[in-house]
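This report refers to the structure that appears directly beneath it.
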Amino acid sequence: MLSPERLSLPGPEYLAQRHVLTYMEDAVSQLLENREDISQYGIARFFTEYFNSVRQGTHILFREFSFVQATPHNRASFLRTFWRCFRTVGKNGDLLTAQEYHCLLQLLCPDFPMELTQKAARIVLMDDAMDCLMSFSDFLFAFQIQFYYSEFLESVAGIYQDLLAGKNPNTVIVPTSSSGQHRQRQPPNDCSPLDGVEASLFYQCLESLCDRSKYSCPPSALVKEMLSSAQRLTFYGFLMALAKDQGINRALGALPDKGDLFLDPTMDQELEKLIAQVSGLSVSSPTSSSGDTANLPVRNSPRINSPWKPLHHRRKMDAESEGSNEETDSSEN
């Protein structure tokens, strides 16, 4: 069933808004790259499974960072996958450093940049002490804001610095005209940077930024509500408030509320099935002929793969394994 939004937008505008061409280009690229493997299954099945994986959010697994960050849906899918894969870190109460969280991110996206991880850590730590320990929930919600709204936050950082320098907020937002007039400046602020900037002026700038930005921005109404009780705020204070605001978290839609962060019934059911299978193997495994205790069952680790991208990696692994077999054979001879 078509959504009302689809019927209210022209076709090209709807396709651009949903980044359909991005996925079509990626699908065709993977089709060409893996055409020998895909020929065994058929092109129709390939496109069906590709777009099913996009809908389910598994299409970003083990992909390059340029693709992971390419669309808002990709970013939300990556956030949801990171939470589901590593929520046990928080469930067990483990505290990790920024470097250790970065290693977890690289398990899902091998070329994930350290810079983004460090920026997320600074929201939590509010300084450069990157070796400090952080809880999973603190890092996750800070990382969500930094990763999903990264372009927006870059612009906000520039606005904040302009306001600290005493520039008129109107001229910060409105581009300079062709007449070559210089930007007007307010008298320098006597306040220390530690005091931050005036919240009302800061919000005016953010509201204008959200109206004209082509990147993802948090809902301006929620930002206004968040800042309504503050008179002044610092940049990292603003980022921390964004990370902790459950209204913004719900609007983004990638993660559950903080109270439900360690609950995932679907994943728990899958784990229970795996545990039951392993337990069954353990019970049914034969005892050794020497009368010792039963041999430990061989556990085949479950692998979760993106539907088609890993085919390229599997071909490389097959080639490497064939090479290693040849070396083994030659050594035996």
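Assorted remarks:
- In the context of the full set of protein chains, residues of the range 39-108 present 46 Å² of accessible surface per residue (probe radius 1.4 Å, heavy atoms only).
- Extension reserve of the residue 47-residue 115 stretch, reckoned as 0.36 nm per residue once the Cα distance is removed: 21.0 nm
- Each residue of the range 259-265 is assigned a 3J(HN,Hα), and the resulting list reads x, 10, 5, 9, 9, 8, x Hz, derived from the Karplus form 6.51 cos²θ - 1.76 cosθ + 1.60 (θ = phi - 60°), x at Gly and Pro.
- Accessible surface comparison of 102, 73, probe 1.4 Å, protein chains only, largest first: the order is 73, 102.
- Of 217, 103, the residue with the largest accessible area leads and the full order is 103, 217 (1.4 Å probe).
- Per residue convex hull volume, Cα atoms of the range 17-97, in Å³: 123
- By accessible area with a 1.4 Å probe, ligands and nucleic acids excluded, highest first: order of 22, 117, 97: 22, 97, 117
- Violating pairs (Cα-Cα greater than 27 angstrom) within the set 244/273; 91/224; 119/258; 91/214; 167/224; 167/244: 244/273; 91/224; 91/214; 167/244
- Accessible area of the range 79-172 belonging to carbon and sulfur atoms, whole % at 1.4 Å probe: 50
- For the range 199-248, with all protein chains in place and a probe radius of 1.4 Å, 49% of the accessible heavy-atom surface sits on carbon or sulfur.
- Couplings for the range 246-251, taken from phi via the Karplus curve 6.51 cos²θ - 1.76 cosθ + 1.60 with θ = phi - 60°, read 6, x, 5, 4, 5, 5 Hz in order; Gly and Pro are left as x.
- Each label point was placed 7 Å from the Cα along the Cα-to-Cβ direction; for residue 88 and residue 56 their separation is 2.1 nm.
- FRET E, pair residue 200, residue 161, Förster distance 25 Å, beta-carbon r, rounded to 0.05: 0.90
- Amide H contacts under 5 Å for residue 232, placed H, 5+ residues apart: 199
- Length released on extending from residue 25 to residue 269, taking residue separation times 0.36 nm less the Cα-Cα span: 84.3 nm
The values are calculated or read from the model by the stated rules, or taken from the named source; none is laboratory data. Small disclaimer: the values here were computed from a predicted structure and weren't measured. Backbone-built Cβ (ideal geometry, glycine too); neighbour counts: all protein chains shown. Surface accessibility is based on the protein's heavy atoms, side chains included, excluding ligands, DNA and RNA. Shrake-Rupley method; radii C 1.70, N 1.55, O 1.52, S 1.80 Å.
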